[in-house]
Amino acid sequence: MDSAATRSEWAPDSWRALPADQQPDWPDAAAVDAVTAELKALPPLVFAGEARQLRQALAEVSAGRGFLLHSGDCAESFRDLSAPRIRDNLKIMLQMAIVLTFGAALPVVKLTRAAGQFAKPRSSATEVVDGVELPSFRGHMVNDDAFDPAARTPDPQRMLQAYHQSAARLNLLRAFTKGGYADLRQVHVWNQEFVARSPEGRRYERFARGIDDALTFMAACGIDLDREHQLHEVDLYTSHEGLILPYEEALSRRDSLTGQWYDCSAHLLWIGERTRRPEHAHVEFFAGVQNPLACKFGPGTKPEELVALCERLDPGRDPGRLTLISRLGKDRVEQVLPPLIRAVTAAGFPVVWACDPMHGNGVVTADGIKTRRFDDIMSELTAFFAVCRGEGVWPGGVHLEFTGDDVTECVGGVEPVHECDLGVRYSSLVDPRLNARQSLDVAFQVAELLRPRSGR
Ligand code: PEP
Ligand code: CO
């Protein structure tokens, strides 16, 4: 049974009758309609069959037979459409995945926040700088980050640009992951120079040599490694926050095989903490598409609210359909998470439980810079694993904001980034991201948490 079939009144535009949170104030509604008409005629970015494949992989995760690595940029930038950037972000994803696969001795589902992560919810609709008030930056799908009136005016043409940028990014990601770059024999190549010089990079290098040895051993045993396609290519799935509903509606397509609707802008879409009200437009739209979905939940979430959300998004209780991403803040996990897990479990929803240790742990320094502390991120993850284990559910995944670049946006880590370094290489458009070294460190520590022997 699926959600679309049970809601006969659902249509790709049925969300329009409901309140839609976090939508830009487009100055010209006719211009929005013209753009969405154009988007509707363009080819889908992903295929329904791929979304079903991801759903199956997530069903395995929900049963404790896999682990989800969900990470990427907070906000992709139209200015960063370059092969080196895409490749460097993929490198750290592959490095982390390999560390986790080995650590957990389980398949790792690789889901990137990329090729569509161009829209941001904001806590305030406007921003004031030196007494000047302008619309907030809402991601390059909507407006530009520069602080001037023309740049900040929402421009629907940007939705078309987001589509074409996503297509170009996805094309390169498909080439890298299926065309040899993600081959296990390339494990050393993924270690970028600034990472390789660091303690985390050296630890990875020892690890990669272990993989070389294992491959050599298998070949010596007579296994024809060339024929094992799992060693040479990777399934990488795309995701973004499904925020700008005219865009998501315009990219939904009816699958010719099953007759069901899919949002073909990405394999998985997530609903953010600010747009998850069960009776509002985002939940209505996503309830009717058959993609695997995720939903974030913050510290104010009530058990009955979360159950109502599951009921709307996954009434059929289908494993793999829904991932719940906890983003509570390190000090709230132990108190807030157990009743939520109990309520969802008692109501019979086979969700994947994942932890976003980034969005509940933002701090602002004395100099007014937004950052996150590495130790807070690790504390939230550690608490999440302990609570899941205590409640008898599988800690199924992590959701991180990272970049392959050598940025100084989050403080701490081995050879730490200090508060005074934050201004040096800070390029995030919105939230501070882990750099490649810090991300690798998280992967090693999560692998420890996952190891059954650790007793945690
Ligand atoms: C995000 O993932 O960038 C985000 C805005 O998250 P949340 O909805 O959890 O605040
Ligand atoms: Co963010």
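No lab work stands behind these numbers, since they all come straight from the coordinates. Computed from a predicted model, the values in this text were never measured in an experiment. For neighbour counting, all protein chains shown are included, and Cβ atoms are generated from backbone atoms with ideal geometry for every residue, glycine included.
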Exercise for the section: Go ahead and collect, in residue order, the members of the range 23-39 whose backbone nitrogen is under 18 Å from a label point 7 Å along the Cα-Cβ direction of Arg122. Expected result: 23-28
Fill in the blank from the handout: For 188-197, 206-215, 317-326, 89-98, ranked highest to lowest by mean beta-carbon neighbours within 10 Å, the order is 89-98, 317-326, 188-197, 206-215
Problem - Per-residue HN-Hα couplings for the range 403-420 [Karplus 6.51, -1.76, 1.60; θ = phi - 60°; Hz; x = Gly/Pro] - result: 8, x, 6, 8, 7, 10, 10, 9, 8, x, x, 5, 6, x, 7, 9, 3, 6
Handout entry: Mean Cβ neighbour count within 10 Å, used as a protection proxy, ranking 360-369, 378-387 highest first
Key = 378-387, 360-369
Problem - Distance in nm between pseudo-label sites at Leu257 and Arg277 (7 Å out along the Cβ direction from Cα) - result: 3.8 nm
Problem - Karplus-derived HN-Hα couplings along the range 230-239 (A = 6.51, B = -1.76, C = 1.60, θ = phi - 60°), whole Hz, x at Gly and Pro - result: 4, 7, 10, 9, 10, 8, 10, 9, 10, 7
Fill in the blank from the handout: Note: Phe78 to His164 extended length (0.36 nm per residue) minus current alpha-carbon separation gives 29.9 nm
Practice task
Check every DSSP H run in the chain and write down those whose alpha carbon atoms cover 20 angstrom or more along the long axis and whose mean Kyte-Doolittle hydropathy is -1.0 or greater.
Solution key: 48-62, 83-104, 157-178, 199-220, 374-391, 436-450
Practice task
Amide H neighbours of Glu127 under 5 Å, at least 5 residues apart or on other chains, H built in the peptide plane: list them.
Solution key: Leu134, Ser136
Practice task
Lys and Arg at +1, Asp and Glu at -1: add these up for the other residues within a Cβ distance under 11 Å of Leu184 and post the number.
Solution key: -3
Completion exercise
In terms of the alpha carbon gyration tensor, root eigenvalues a ≥ b ≥ c, rounded if a/c is under 1.5 and otherwise prolate when a/b exceeds b/c or oblate, the range 228-285 is oblate
Exercise for the section: Figure the gain on full extension for Glu228 and Gln335 (residue separation times 0.36 nm, minus the Cα-Cα span) and round it to one decimal in nm. Expected result: 33.9 nm
Problem - Residue-count net charge about Val414 - beta-carbon cut-off 13 Å; Lys, Arg +1, Asp, Glu -1 - result: 0
Practice task
Report the label-to-label distance for Val132 and Ala386 in nanometres (one decimal), using points 7 Å from each Cα along the Cα→Cβ vector.
Solution key: 4.9 nm
Fill in the blank from the handout: Applying the gyration tensor rule to the Cα atoms of the chain (axes a ≥ b ≥ c; rounded if a/c under 1.5, else prolate if a/b exceeds b/c, else oblate), the class is rounded
Handout entry: Rel. contact order, % - alpha carbon contacts under 8 angstrom, at least six apart, the chain
Key = 23 percent
Exercise for the section: Round to the nearest 0.05 the FRET efficiency obtained for Asp13 and Arg317 when R0 = 22 Å and r is the Cβ-Cβ distance. Expected result: 0.20
Problem - Whole-Å distance, taken between Cα centres, linking the range 182-251 and the range 97-143 - result: 23 Å
Exercise for the section: Calculate for the chain the 222 nm mean residue ellipticity that helices alone would give, adding -39,500 (n - 2.57) per DSSP H run of length 4 or more and normalising by residue count, nearest 500 deg cm²/dmol. Expected result: -12000 deg cm²/dmol
Practice task
With +1 on each Lys and Arg Cβ and -1 on each Asp and Glu Cβ, and nothing else charged, work out how big the dipole of the range 1-139 is about its Cα centre, in Debye to the nearest 20.
Solution key: 760 debye
Problem - Cα-projected label distance for Thr216 with Arg342, points at 7 Å along beta-carbon direction, nm - result: 5.4 nm
Problem - Partners for Lys40 among lysines (Cα-Cα distance below 29 Å; same-chain residues under 8 apart left out) - result: Lys110, Lys120, Lys178, Lys296
